[in-house]
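Encoded as structure tokens, the structure appears first; notes follow it.
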Amino acid sequence: MNRNHAIITGCFLLAVVVTASISRLRPSADATQSSNTIPSHQPTTPAEEPARPRFTDVTEKSGIRFRHHNGAAGQFLLPELIGSGAAFLDFNNDNRIDLYMIQSGNSLLQTANPENPGPNSTNRLYRNDGGGTFTDVTEESHTGIGGYGIGCAAADYNNDGNVDLYITRIGPNVLLKNNGDGTFSDVSEAAGAAVDGFSTAAAFLDFDRDGILDLFVVNYVNWSASREPTCFDARGTRDYCGPSDYRAPSSDYLLRGSGSGVFEDVSRTSGVASAKGNGLGIICSDLNQDGWTDIYVANDQNPAILWINQKNGTFQNEAMIRGAALSGEGIAIAGMGTAASDLDNDGDPDLIITNIRDQPHLSLRNDGEFFEDVSHAWGFAGWAVPYTGFGIAIFDADHDGILEGFIANGAVNHLAEPFLQNHDYAMPNQYIRRDDNGRFYDATTTAGRALKSIAVSRSVLTADYDNDGDLDLLVTNNNAKPQLLSNQSPHQGAWTQIDLRPTSGSRVAIGAKVAITTTAATYHRDVRPHTGYLSSNDPRLHIGLGQSETIDRLTVTWQDRTTETWTKLPVNQRLILHQNQAPQYTMPTREKITQP
């Protein structure tokens, strides 16, 4: 396999930084057209399995009529590899989770003008009508943005009680303000949010704790079609180039919310512009548990960046000294998707970053100050190695209180042995569970036929779109249709869903923390919808509680660092918690859904 390698040298702890590579994706197979079984790369799963989680593909029945176009027309342009993402959000405040899909479009050489996107090449907004169905409301909502779209973030940036949308693209990004009447307005220029470049991930956060959301934008490469190099694989076949071939890493942007609906570019004054990389993934969370939001950026073929909040409007990149820049072997991995969750139950978020095939995904255990590479100890060095991972979701599918996950895979190099005939970039996705020792293993074959499809997948998002009390999945596929996977798992225990709403007027308390104590365990979560790859998830916290019959204690630490505690709360219900107000309870709607 002839992948493009870049070598970065350094002298931190005598580590030699060997960069991983990312090279290509091409027109792919629709996820729905293959019933091929997954090749037997995974190890034997534990002998005794409990009732198994099950997922059912309900894309067609749901009314989602979307197909991603990457615009590939034989020029092997780098952006064709990357997208695209999506967003789960409640844009009309009816307590049903809607869906916004990001479109890329026609060839970048044919359609460089965002005002002329070409047919079927705009983003689409799907309104959730209940009963498991969606309606395309793109035209009436004015959300059909053109241009070459990549990713999306959703949040109420102006604290008016309505969730807005931020779209990353090739060229100027777009901020869509939710007008509260079912329509959106493009306020990108007026709001100072039209970041211009090759943006990938974006995330809303409150880094200065003023109750107003800020915006972090990740950039990939300083790219133009005119500077495309020519690359080949080991067989001499033309292929896509990796990011290091462009020798044009990019710096990221930090935009500070002002409270007036206008952002101020503080990239330089905050220190964020001082580092460059090929950014694809982002996590905004209080990683060192000091009460201030930090920022982790996963870079492709460059060391990761860990911006530690200095509490004065500035950040310092402490990735190297905290052990988060490289793998334990000193490798700057092909960092793509990111997940943060408390996997060792010590109260702080650990990190998982997806990686290119032939290398394990990077798993970093957080001890509050430093990170340790536990990729081998947590099981990622076996079943993950044959695949290139992009999107990742860590969640509890069956409410047994144990976190499992899903990884969206898709090749970026020509595969010598394609998983799907005539499509040498398509790969199977993976559903992963944990054994009694806490190690992840591939449990895809146990989770239903819907997970055995093969495509060039990119993002995976979580949401309880049907409001039945468990988390469902959406998988985006490059140059193909998405998959909406309804969770039909037998519940192994109780659950709670927590909708946190701050006094600021915002719909979602981004950055707030929750600690739940039951007779069996303590669970730590924070509100962080912008995780995975290029996407925004259901912002409501969903926590499996195992055999617990009640929540003994629930403590919320709000963004302003004030805390509130409730005791003896019911399980198997939605808890709507307004800051400084009594909690509200709602049972699952259990809307009637016709399953295939």
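The values are calculated or read from the model by the stated rules, or taken from the named source; none is laboratory data. The shown structure was predicted, so the numbers you read here are calculated from the model rather than taken from an experiment. Cβ sites come from the backbone with ideal geometry, for glycine too, and all protein chains shown count toward neighbours. Note: accessible area is taken over every heavy atom of the protein model, side chains too, but ligands, DNA and RNA are not part of it. Shrake-Rupley method; radii C 1.70, N 1.55, O 1.52, S 1.80 Å.
I'm checking my understanding of the structure. Among residues of region 130-175 that are in contact with a helix residue (DSSP H, G or I) (Cβ under 9 Å, 6 or more places away or on another chain) and of a type outside the set (Val, Ile, Thr), which one is nearest to Asn222 (Cα to Cα)? It comes out as Tyr148. The strands (runs of 3 or more DSSP E) located wholly in region 348-394 that include 3 or more residues which are closer than 23 Å to Ala201 by Cα, touching a residue at least 12 places away in the same chain (Cβ under 8 Å) and open to solvent by less than 10 Å² (accessible area, probe 1.4 Å) occupy 350-353, 362-366. Of everything in region 416-451 that is in contact with a Gly (Cβ under 7 Å, 6 or more places away or on another chain), open to solvent by less than 10 Å² (accessible area, probe 1.4 Å) and outside any loop (DSSP other than H, G, I, E, B), the residue that is farthest from Gln103 (Cα to Cα) is Phe440. Annotation note: Cβ proximity below 7 Å between a residue of region 441-461 that is on the phi > 0 side of the Ramachandran plot and a residue that is of a type in the set (S, T, N, Q) (sequence gap 6+ or interchain) occurs for Gly448/Thr56.
Taking the numbered list (1) out of contact with any Asp or Glu (no Cβ under 7 Å at 6 or more places or on another chain); (2) modelled with pLDDT under 95; (3) open to solvent by 40 Å² or more (accessible area, probe 1.4 Å); (4) under 24 Å from Leu175 (Cα atoms) in turn, Gly261 passes all entries but (3). Condition (residue is in contact (Cβ under 8 Å) with a residue 12 or more places away in the chain, open to solvent by 10 Å² or more (accessible area, probe 1.4 Å) and not in a loop (DSSP other than H, G, I, E, B)) applied to region 395-415: is it met by at least one residue? No, every residue in region 395-415 fails to be in contact (Cβ under 8 Å) with a residue 12 or more places away in the chain, open to solvent by 10 Å² or more (accessible area, probe 1.4 Å) and not in a loop (DSSP other than H, G, I, E, B). Here Ala340 fulfils each of the conditions (1) in a loop (DSSP other than H, G, I, E, B); (2) crowded, with 19+ Cβ neighbours inside 10 Å; (3) small (Gly, Ala, Ser) apart from (1).
In the set Gly242, Gly281, only one residue is crowded, with 24+ Cβ neighbours inside 10 Å, modelled with pLDDT under 95, closer than 19 Å to Ala201 by Cβ and under 22 Å from the mean Cα position of the chain (by Cα); that residue is Gly242. Taking Gln289, is it assigned to a strand (DSSP E or B), farther than 28 Å from Val456 by Cα and open to solvent by 10 Å² or more (accessible area, probe 1.4 Å)? Answer is no for this residue.
Only residues that are part of a strand (DSSP E or B), of a type in the set (Ser, Thr, Tyr) and open to solvent by less than 30 Å² (accessible area, probe 1.4 Å) were counted across region 133-174, and they come to 3. Among the residues making up region 496-527, those that are of a type in the set (D, E, K, R) and either part of a strand (DSSP E or B) or over 23 Å from the mean Cα position of the chain (by Cα) (or both) are Asp499, Arg501, Lys513, Arg525, Asp526. Across region 452-480, which residue is most open to solvent (accessible area, probe 1.4 Å) among those that are in a loop (DSSP other than H, G, I, E, B) and closer than 21 Å to Gly71 by Cα? Here the answer is Asn479.
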